[in-house]
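To start, the structure under review is shown below, and the notes come after it.
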Amino acid sequence: MHTTIDQFIAGIPKAELHLHIEGTFEPELMFEIAHRNQLKLKYATVQELKAAYQFNNLQEFLDIYYSGANVLMEEQDFYDLTWAYLQKIHSQKVVHTEIFFDPQTHTLRGVPFNKVISGIHRALKDGENILGISSKLIVSILRHLSEEAAFETLEQALKYKDWISAVGLDSSEKGHPPSKFERVFEKARKEGLLVVAHAGEEGPPEYVWEALDILKVSRIDHGNRSLEDAQLVEELVRRKMPLTVCPLSNLQLKVVQELTSHPILEMLEKGMVATVNSDDPAYFGGYINENYLALAQALNLSKEQITQLAKNSFQASFLEEDEKLRMIERVDDYFQENNI
Ligand code: HPA
Ligand code: ZN
């Protein structure tokens, strides 16, 4: 039987590498958790809240994203948030996920680091045991805050080193270059953690260079604006440096004006290790399969190209080499069976 593109995307095994757990907070769960914590949201109904999800840039999104996260108070809240995401991706054939959380969004409101990470970790363990989804956890530093605050967050995170794979950098990019956190990331690397950074989403190619050469990242999150600098593109290809690209996020935050002008094919054609991810799916209108599908429709992607993107997702992951190869083989087998 012929496999349609929708079916092909729905069934292909894939990894997600750029996902903010606070960005999976669906309005219905947000109202439920706000109610049980006796907190009030700024909006009276799910419909009113959803109507506010209109963004002209990254900052307009971040303001709403942080205010939503403010109702998360208890360990169970972080568990419920993470478990809902895992169930969702289980239905989308995500077999491995590497998720960010933003500790400072919570610790600054008086929620202890321990409650945040324990709830997320417990859900990730259940995800592994019950759903068979493997995972890694990335502590993300809010770049609009100070170096000192970042160091404090790193110190807290280091107490849970066994639960953490990497340190990331997110929030308002413009005016907060990666170099601001050179010493924090150096310390994280010395402690044996990998590092990644959002760069080239709204910020210039220079920020991508800084992420590479000053922070010494293992992946660039977004990286769209790298394409403005031919020498940078060459360097990213030479280093096989993965980019975790987020198409629906790019559309909603006006990083691209239309998906038909999304640069993912250009990235693949240039030999860059681009991957597809959902970023903040509750806010941007889709989880990972909706991202693949929107791209496939806008750019008329072939099954070969979709397969390449799924293979890249494992190649770019923090899985062990043998596990990567096993997963890439699984994707190849899927292609052979469904390229009809
Ligand atoms: N960019 C920067 N910070 C973020 C994002 C993003 O796409 N999503 C959540 N925090
Ligand atoms: Zn992001």
For this session: Among residues belonging to the range 254-302 that are under 18 Å from the mean Cα position of the chain (by Cα) and of a type in the set (D, E, K, R), point out the one that is nearest to Ser313 (Cα to Cα).
Result: Asp279
Problem set entry | Search result, residues across the range 54-93 that are part of a loop (DSSP other than H, G, I, E, B) and in contact with a Leu (Cβ under 9 Å, 6 or more places away or on another chain) | Phe55, Asn56, Asn57, Asn70, Val71, Leu72, Met73
Exercise. Within the range 244-251, is there a residue that is closer than 20 Å to Ile12 by Cα and more than 16 Å from ligand 1 (Cβ to nearest atom)?
Worked result: no
Exercise. Ile288 versus (1) surrounded by fewer than 18 Cβ atoms within 10 Å (Cβ to Cβ); (2) touching a Lys or Arg at 6+ places or on another chain (Cβ under 9 Å): which is the lone unmet condition?
Worked result: (1)
Exercise. Here are some residues: Val276, Val237, Val245, Val233. Which one is closer than 23 Å to Ile64 by Cα and at pLDDT 95 or above?
Worked result: Val245
Exercise. Could you say whether any residue in the range 25-41 is in contact with a strand residue (DSSP E or B) (Cβ under 8 Å, 6 or more places away or on another chain) and either open to solvent by 70 Å² or more (accessible area, probe 1.4 Å) or within 16 Å of ligand 2 (Cβ to nearest atom) (or both)?
Worked result: no
Exercise. Pick from the range 213-227 the residues that are of a type outside the set (Val, Ile, Thr) and touching a helix residue (DSSP H, G or I) at 6+ places or on another chain (Cβ under 7 Å): which of them is surrounded by the most Cβ atoms within 10 Å (Cβ to Cβ)?
Worked result: Gly223
Exercise. So which residues in the range 205-232 are in contact with a Ser or Thr (Cβ under 6 Å, 6 or more places away or on another chain) and among the β-branched types (Val, Ile, Thr), if there are any at all?
Worked result: Val208, Ile214
Exercise. Does Thr260 qualify as being surrounded by fewer than 18 Cβ atoms within 10 Å (Cβ to Cβ) and modelled with pLDDT of 95 or more?
Worked result: yes
Problem set entry | Checking His144 against (1) assigned to a loop (DSSP other than H, G, I, E, B); (2) open to solvent by less than 70 Å² (accessible area, probe 1.4 Å), the condition it does not meet | (2)
Problem set entry | Checking Ser249 against (1) hydroxyl-bearing (Ser, Thr, Tyr); (2) touching a strand residue (DSSP E or B) at 6+ places or on another chain (Cβ under 8 Å); (3) open to solvent by 40 Å² or more (accessible area, probe 1.4 Å), the condition it does not meet | (3)
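Listed here are the residues, each with its yes/no results for (1) farther than 30 Å from Thr307 by Cβ; (2) aliphatic (A, V, I, L, M).
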position	(1), (2)
Ala51	yes, yes
Asp63	yes, no
Glu74	yes, no
Gln87	no, no
Val95	no, yes
Leu108	yes, yes
Phe113	yes, no
For this session: Look at Gly168 and say whether it is within 15 Å of ligand 1 (Cβ to nearest atom) and either at pLDDT 95 or above or assigned to a loop (DSSP other than H, G, I, E, B) (or both).
Result: yes
Seminar exercise, completed: In the range 234-259, anything assigned to a helix (DSSP H, G or I) and within 13 Å of ligand 2 (Cβ to nearest atom) is listed as Pro247, Leu248, Ser249, Asn250, Gln252
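The values are calculated or read from the model by the stated rules, or taken from the named source; none is laboratory data. Worth saying up front: this structure is predicted, and the values here are computed from it rather than measured. We place every Cβ from the backbone using ideal geometry, glycine too, and count neighbours over all the protein chains shown. In case anyone asks, the SASA skips ligands and DNA or RNA and just uses the protein heavy atoms, side chains included. Shrake-Rupley method; radii C 1.70, N 1.55, O 1.52, S 1.80 Å.
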